[in-house]
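The values are calculated or read from the model by the stated rules, or taken from the named source; none is laboratory data. In this text the structure is predicted, and so the values were computed from the model without any measurement. Cβ sites come from the backbone with ideal geometry, for glycine too, and all protein chains shown count toward neighbours.
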Amino acid sequence: MKIYAIDTSFTSGQSFTIGVQPNSRFSLAIYRQENSQALASFSGINIQAMSQATRRHIGKKCVIQSAGSSTPMRFDVDWSWPTITLAPSVVCPISGVYVIVAYEVDADGNPTTDLGRRIVSGSPVYGYPPDSDNMALVICRAPTQEASIAYVIPIATYHAYNSIGGGCFYDDHVHGTKSATKVSLRRPGGGFGCQTGEPTDPYDRESQRQQFTHWDAKFIRWLIAQNIAVDFYTDIDLHAGFLDRTNYKCMLSVGHHEYWSHAMRASVSRFIQNKGNVAVFSGNTCFRPIDFGAYRTPGFMKEINKLADHWSSPDYNESQLLGLSYGYGGGKWGDWIDGAWRNTTRDPIGYSAQQAGHWVFTGTGLQNNQTFGDTDRLVGYEADGVPIPGNGFNVLAKSPRLAGWDVGGVGVMGIFGTETAKKEGLVFNCGTTDWARVLLDSSAASNAIVSRITRNVLRAFTGQTL
């Protein structure tokens, strides 16, 4: 059963609203992403308002019946499904990542699916298919700043690859849809339950690449295990300028944070100029420009418009903000041949340390020219590189040339900005999408090194000692 968030984030203490599949009988549950693979059951349901839906209680069961049209909707319009508004009493007082789950029930309120039976019995529920097909992602912002780090969830990138309704920003060979330049935020698939034509990740087959569970959930689990507190936002919040109204020491970007608006870039630029630090544990970061609809039009903040294939003036000028660009790195995702994805594996490529004495490498035991992450395929499936000619980016580690990859450049990790004893106004950029995968995989050969680098960066960028 499909559902989606009407607004992708809310402030703790406020209500929030979800859109639900028409002509369905179901119940709802709320979970939270914590430090385990299974989602954590959070609270009961307290419905504040409904539109095109009714409810009745059978003991402790709440059975909801949605009305409305079941006519298939397009990918580029507001789906306008029936809505359920949940009251503030179910909202956690701290910032977090919440997952709303809808599960089908019979007339007596008994679950009719395996997912529903697990929810009712308290058995594990997971954020990957098939469970995720019934989920919506909602981010809770803190009412006031509670941590020194702001974590930005890339909702726009999730939807850019989500072809539910017949289209997205890419050709979806699997489902036979063509690329477009507009997608709606008001439809399923914004983090969970997407339709995608992406090949399966050969190094993590449980979840889809362009979804929350594949990268962000892993990094969040690591943060919680390390007792590192963060406040959560979405890239739509970043677009709205939340960094301009805070005193965060560090902004965190993870996984595959590809699609940015002009306002997002401007907000991060001001943050850096005001001595804030940016930690990028993402690849293909900020590569493609978008907007969220024209101001004060019906589509404003309900849609995403792709403005171009990449930033220009000069080409790939996101490197002036974050130091690196995919336009100088490379990607390896496979080939669509005879109706199937093939050649999706990558050569074992990692990074070679260039400045082993730098504080980023403290405690790793690395020596100059020593390679790490190669057997784990740390570099890829998309990686970012340094502009040619250089822009002053301090290269701490680099890959060999990515021969045979899209672009065919060199993957790079390092620092952008002028370093002083007091770490302020800097960007750390790991330059690869797959950092979070290796970070959480305790069996990975480079896990200890990747974990120590991550911890070093976050501690330094929040004013702590290494």
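In region 320-331, is there at least one residue being surrounded by fewer than 19 Cβ atoms within 10 Å (Cβ to Cβ) and either among the basic types (Lys, Arg) or assigned to a loop (DSSP other than H, G, I, E, B) (or both)?
For region 320-331, residues surrounded by fewer than 19 Cβ atoms within 10 Å (Cβ to Cβ) and either among the basic types (Lys, Arg) or assigned to a loop (DSSP other than H, G, I, E, B) (or both): absent.
Residues being surrounded by fewer than 21 Cβ atoms within 10 Å (Cβ to Cβ) and either within 19 Å of Ser269 (Cα to Cα) or polar (S, T, N, Q) (or both): count how many of those fall in region 398-421.
Number of matching residues: 4.
Just checking, which of Val99, Val105, Val125 is in contact with an Asp or Glu (Cβ under 8 Å, 6 or more places away or on another chain), in contact (Cβ under 8 Å) with a residue 24 or more places away in the chain, among the β-branched types (Val, Ile, Thr) and surrounded by 20 or more Cβ atoms within 10 Å (Cβ to Cβ)?
Val125
Which condition breaks for Gln464 when tested against (1) over 21 Å from Val254 (Cβ atoms); (2) surrounded by fewer than 16 Cβ atoms within 10 Å (Cβ to Cβ)?
(1)
Rundown of residues vs (1) more than 13 Å from Gly431 (Cα to Cα); (2) not in a loop (DSSP other than H, G, I, E, B), yes/no style:
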| residue | (1), (2) |
| --- | --- |
| Thr345 | yes, no |
| Gly380 | no, no |
| Ala383 | no, yes |
| Ile415 | no, yes |
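Considering (1) touching a residue at least 24 places away in the same chain (Cβ under 8 Å); (2) over 30 Å from Ala5 (Cα atoms), say which one Asn305 fails and leave the rest.
Unmet condition: (2).
Any idea how many residues of region 1-40 are surrounded by fewer than 22 Cβ atoms within 10 Å (Cβ to Cβ), at pLDDT below 95 and β-branched (Val, Ile, Thr)?
Residues that pass the stated criteria total 2.
Picking from Ser261, Ser269, Ser179, which residue would you name as being among the hydroxyl-bearing types (Ser, Thr, Tyr), outside the structural domain of Gly127 (by TED's automatic domain parsing) and out of contact with any strand residue (DSSP E or B) (no Cβ under 9 Å at 6 or more places or on another chain)?
Selected residue: Ser269, the only one of Ser261, Ser269, Ser179 that is among the hydroxyl-bearing types (Ser, Thr, Tyr), outside the structural domain of Gly127 (by TED's automatic domain parsing) and out of contact with any strand residue (DSSP E or B) (no Cβ under 9 Å at 6 or more places or on another chain).
Would you please name the residue that is surrounded by the most Cβ atoms within 10 Å (Cβ to Cβ), looking only at residues in region 174-221 that are of a type in the set (Ser, Thr, Tyr) and assigned to a loop (DSSP other than H, G, I, E, B)?
The extreme case among them is Thr213.
Might you let me know whether region 355-366 holds any residue that is in contact with a Gly (Cβ under 9 Å, 6 or more places away or on another chain), of a type in the set (S, T, N, Q), within 27 Å of Ala460 (Cα to Cα) and assigned to a strand (DSSP E or B)?
Checked region 355-366: no residue is in contact with a Gly (Cβ under 9 Å, 6 or more places away or on another chain), of a type in the set (S, T, N, Q), within 27 Å of Ala460 (Cα to Cα) and assigned to a strand (DSSP E or B).
For a quick check of your reading: which strands (runs of 3 or more DSSP E) sit entirely within region 51-165 and have at least 1 residues that are over 27 Å from Ala263 (Cα atoms)?
53-58, 61-66, 83-86, 96-104, 135-141
Somewhere in region 272-293, is a residue at pLDDT below 95 and surrounded by fewer than 19 Cβ atoms within 10 Å (Cβ to Cβ)?
Within region 272-293, one or more residues are at pLDDT below 95 and surrounded by fewer than 19 Cβ atoms within 10 Å (Cβ to Cβ).
Any residue in region 23-31 that is without any contact (Cβ under 8 Å) to a residue 40 or more places away in the chain and part of a strand (DSSP E or B)?
No - not one qualifying residue is present in region 23-31.
Which one of the conditions (1) surrounded by fewer than 22 Cβ atoms within 10 Å (Cβ to Cβ); (2) closer than 19 Å to Trp222 by Cα; (3) aromatic (Phe, Trp, Tyr) does Phe428 fail to meet, given that it meets all the rest?
Unmet for Phe428, out of (1) surrounded by fewer than 22 Cβ atoms within 10 Å (Cβ to Cβ); (2) closer than 19 Å to Trp222 by Cα; (3) aromatic (Phe, Trp, Tyr): (1).
Considering only residues that are under 21 Å from Ile119 (Cβ atoms) and either among the acidic types (Asp, Glu) or without any contact (Cβ under 8 Å) to a residue 24 or more places away in the chain (or both), which ones fall in region 60-78?
Lys60
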